[in-house]
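Values quoted throughout were computed directly from the atomic coordinates according to the rules given, and no laboratory measurement underlies them. What you see is a predicted model, and the numbers here were worked out from it, not measured in a lab. With ideal geometry, Cβ positions are generated from the backbone for all residues, glycine too; neighbour counts draw on all protein chains shown.
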Amino acid sequence: MGRFNLKALQERAISAAVLIPVVLFAVIWGGIPFYIMIALLFVISAYEWVSMVRKIDDTALHVLWGLVYLAVGFLCCIVIREEQSLNAAILFVVMVWSADIGAYFAGKYFGGAKLAPLISPNKTWAGLGGACDSAGLAAVLYYLGVIAFSFEAVFSWVALIFMFFVGVMIAIVAQGGDLLISFMKRKAGVKDTGALIPGHGGLLDRIDSLLLAAPVFFVLTSFFSFNL
């Protein structure tokens with residue numbers, strides 16, 4: 001069993017307590033506040049990306065594909081919120097956050113075999129399992145909550161299983177997004193993408209899992225014609 005860094009955990013908790021209400025407000029309100037938030041996130045993350053890859057050779061190529069990667073991820077976030085539904089947007093955010101939290105606590109508590117030791121030594125297979133379980137459970141509970149408070153929604157075991165499947169897939173892809181940024185940080189020789197968020201590092205350190213997961217969530221829910 002691993003040990004928790006209480007000071008770092010406290011910093012993470014304080015940052016989350018400040019940021020979560022802001023993000024949820026923008027997502028729930030939609031429209032202009034949501035677009036402003038996405039624009040700010042893109043500008044800040046693009047700045048952090050460019051600052052990081054300046055330390056790597058072939059900077060122009062890294063800058064280009066990085067900006068495309070960011071643009072696609074944020075564009076999918078907009079489509080999920082504005083073209084799919086508010087429920088879909090909240091579900092997506094809840095799954096990604098749950099995966100991050102589950103991975104952190106399971107990895108710290110159980111430790112064990114490393115997931116990708118050459119890229120991110122702190123990540124473990126136990127953490128990935130915790131991410132999958134947490135995101136899958138969060139998706140199921142969210143679906144049941146929608147059923148409980150909606151007169152139009154109808155309970156379905158197929159939908160319940162599909163929700164768990166989506167949660168697991170999002171958790172796996174989210175960990176992949178995290179590893180992608182970790183790989184770039186290792187190439188650049190930096191620990192964090194920035195120092196904007198206490199306990200987390202830069203903005204990219206906080207949203208790396210979301211950027212890769214957004215296109216996958218959109219494709220999964222669109223391909224299977226699953227509406228919330």
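GNM on the chain, C-alpha springs below 10 Å: top fluctuator among 170, 14, 119?
Of 170, 14, 119, the Gaussian network model singles out 14 as fluctuating most.
Run the helix sum for the chain: -39,500 (n - 2.57) per DSSP H stretch of 4+ residues, divided by residue count, reported at 222 nm to the nearest 500 deg cm²/dmol.
Value at 222 nm, helices only, nearest 500: -26500 deg cm²/dmol.
Among the lysines, which fall within straight-line cross-link reach of residue 55, defined as a Cα-Cα distance under 20 Å, with same-chain neighbours fewer than 8 residues apart omitted?
185, 187, 191
For region 31-139, compute the orientation-averaged projected area of the C-alpha convex hull (one quarter of its surface), in nm².
The Cα convex hull of region 31-139, projected and averaged over all directions, gives 8.3 nm².
Could you pull out every residue, at least 5 positions away or on a different chain, whose amide H is within less than 5 Å of the one on residue 123? Hs are placed 1.01 Å off N in the peptide plane, and Pro or chain starts have none.
Those qualifying (amide H under 5 Å, at least 5 residues apart or on another chain) are 115, 116.
Where Rh is the Kirkwood radius over the Cα pairs of region 89-199, the temperature 20 °C and the viscosity 1.002 mPa s, what D in µm²/s does Stokes-Einstein return?
Rounded to a whole number, D works out at 142 µm²/s.
Which ordering of 54, 206, 186 is given by a fewest-first count of other beta-carbon atoms within 10 Å?
Ranked by crowding around the Cβ, least crowded first: 54, 186, 206.
Among (1) 1.23; (2) 1.01; (3) 0.95, find the value of Cα Rg over 2.2 N^0.38 Å that was calculated from the structure presented, and write down its label.
Checking each listed value against the structure points to (2).
Using a Gaussian network model of the chain with C-alpha springs under 10 Å, which one of 114, 185, 123 is most mobile by mean-square fluctuation?
114
Just to be sure I understand: with springs between alpha-carbon atoms less than 10 Å apart, which residue in 125, 29, 49 has the highest mean-square fluctuation in the Gaussian network model of the chain?
Looking only at 125, 29, 49, the biggest GNM fluctuation is shown by 29.
Over the chain, what is the relative contact order in whole percent, taking alpha-carbon pairs under 8 Å and six or more residues apart?
25 percent
Under a point-charge model restricted to the Cβ atoms of Lys and Arg (+1) and Asp and Glu (-1), what is the dipole moment magnitude of the chain relative to its Cα centre, in debye to the nearest 20?
It works out to roughly 740 debye.
Quick check: the angle from helix 125-148's long axis to the longest principal axis of the chain, C-alpha only, nearest 10 degrees?
On a 0 to 90 degree scale, this one is about 30.
When the Karplus curve 6.51 cos²θ - 1.76 cosθ + 1.60 is applied with θ = phi - 60°, which whole-Hz ³J(HN,Hα) does each residue of region 46-55 get, with x for Gly and Pro?
Working through the residues one at a time gives 5, 4, 5, 4, 4, 4, 6, 6, 4, 8 Hz.
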